[in-house]
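See structure below.
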Amino acid sequence: MITVRAPATSANLGSGFDVFGVAFDRPADIIRVERAEQTTIDITGVGSQYIPTDPDANTVGAVVEALDAPAHIEIDKGVRPASGLGSSAASAAGAAVALNELYDRGLSRSELVPIAAEGEAVVSGTAHADNVAPSILGGFTIATASGVESVSTDISLVACLPEIAVSTRDARRVVPETAQMAAVVETVGNAATLAVGMCRGDPGLVGRGMDDPLVTPARAELITGYGAVREAAINAGATGVTVSGAGPSVLAVCRARDQRAVGNAMLTTFDNHEVDARVYQTQVSDGATIL
Ligand SMILES: Nc1ncnc2c1ncn2[C@@H]1O[C@H](COP(=O)(O)OP(=O)(O)OP(=O)(O)O)[C@@H](O)[C@H]1O
Ligand SMILES: N[C@@H](CCO)C(=O)O
């Protein structure tokens, strides 16, 4: 049996829609795989009642197919589904790393990224790699059609998960199909600023680069209290705030000393909007580990 811990992730970071991602130190999914004639899936943990065990409908099933690696797979969910914290991706990333090891396929971590991304197509219709890349490689990742880059960095994050479910499939329907050139120019500038900030470990630059006029405004509408939560986090010291992945989690970047204040401000403001929430004080961390 091979056991892998695959971390939660946050994709987009505002200006990097379908491209940027970061790995968290927690929460994480635990994936256990054993060789079998036929693929079967058992799921426990947070939100497991909402996740299909049919391999054709679960993200790990697509990974089994791509690696031709039938197995009995146990998924212990630490990352709630429909959270915006890369729940579906954590399972796919963990399965890719575990099955590659179990069947001795010899693929590199980078080669496993497009394989795990096939799982995302199962749930959202698109094989976007911006969550699976950091869950497999760790750090801050840039996933494009021509490959994936990863840098390790020391950036503190606060992810606030409200008790609202937003599916990636639904959140992709509100993404505008066209964009004004001025908004594209602004987004490119912000994305470049963010990438430099990650390389320098500078939360001020990362936060400044998270602003996104293209996708985030439409998605913010799906999250009760988003505007007020964002403002409260900024007032508590966050250097940037955006929708995490497809939502409903809200992601703040800050200095380590401000993490607690930012998290409390976000929780209190969701509570003022009668939304229960929980907070993860985390930082950009390593990718999947074989235990
Ligand atoms: N192994 C899995 N883990 C979690 N969700 C899964 C899995 N397999 C299939 N799903 C389905 O995927 C959906 C959750 O994925 P979705 O992409 O919507 O959320 P997310 O991964 O938390 O968000 P995001 O990609 O925005 O970070 C649910 O409908 C769930 O049933
Ligand atoms: N880039 C994806 C991440 C969520 O799966 C999106 O925002 O739709």
Practice task
Output the number of the condition that residue 227 fails; it satisfies all remaining conditions of (1) within 16 Å of ligand 1 (Cβ to nearest atom); (2) of a type in the set (Gly, Ala, Ser); (3) within 27 Å of residue 267 (Cα to Cα); (4) surrounded by fewer than 16 Cβ atoms within 10 Å (Cβ to Cβ).
Solution key: (1)
Practice task
Report yes if residue 69 is closer than 30 Å to residue 190 by Cα, buried (at least 19 other Cβ atoms within 10 Å of the Cβ) and either touching a Gly at 6+ places or on another chain (Cβ under 9 Å) or outside the structural domain of residue 239 (by TED's automatic domain parsing) (or both), otherwise no.
Solution key: no
Practice task
Within segment 238-288, track down each residue that is among the aliphatic types (A, V, I, L, M), away from ligand 2 (no atom under 16 Å from the Cβ) and in a loop (DSSP other than H, G, I, E, B).
Solution key: 238, 275, 284, 288
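Is it the case that residue 137 is modelled with pLDDT of 95 or more, away from ligand 2 (no atom under 11 Å from the Cβ), crowded, with 24+ Cβ neighbours inside 10 Å and under 29 Å from residue 278 (Cα atoms)?
yes
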Problem - Test: residue 149 is assigned to a helix (DSSP H, G or I), touching a Ser or Thr at 6+ places or on another chain (Cβ under 9 Å) and surrounded by fewer than 24 Cβ atoms within 10 Å (Cβ to Cβ) - result: no
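Could you tell me which residue of segment 46-88 is nearest to ligand 1 (Cβ to nearest atom), considering only residues that are in a helix (DSSP H, G or I) and touching a strand residue (DSSP E or B) at 6+ places or on another chain (Cβ under 6 Å)?
Looking at the filtered set, the residue picked out is 60.
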Handout entry: Scan of segment 253-291 for residues that are within 16 Å of ligand 1 (Cβ to nearest atom) and either charged (D, E, K, R) or under 23 Å from residue 218 (Cα atoms) (or both), ordered by number
Key = 277, 278
Handout entry: Residue check, residue 142 assigned to a helix (DSSP H, G or I), buried (at least 18 other Cβ atoms within 10 Å of the Cβ) and of a type outside the set (Asp, Glu)
Key = no
Completion exercise
How many residues of segment 224-252 are closer than 15 Å to residue 279 by Cβ and hydrophobic (A, V, I, L, M, F, W, C)? The answer is 9
Fill in the blank from the handout: Of the listed residues (89, 98, 93), the one being of a type in the set (Gly, Ala, Ser) and over 20 Å from residue 11 (Cβ atoms) is 98
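The values are calculated or read from the model by the stated rules, or taken from the named source; none is laboratory data. Not measured: the values here are computed from a predicted model. Ideal geometry is used to build each Cβ from the backbone, glycine not excepted, and the neighbour counts take in all protein chains shown.
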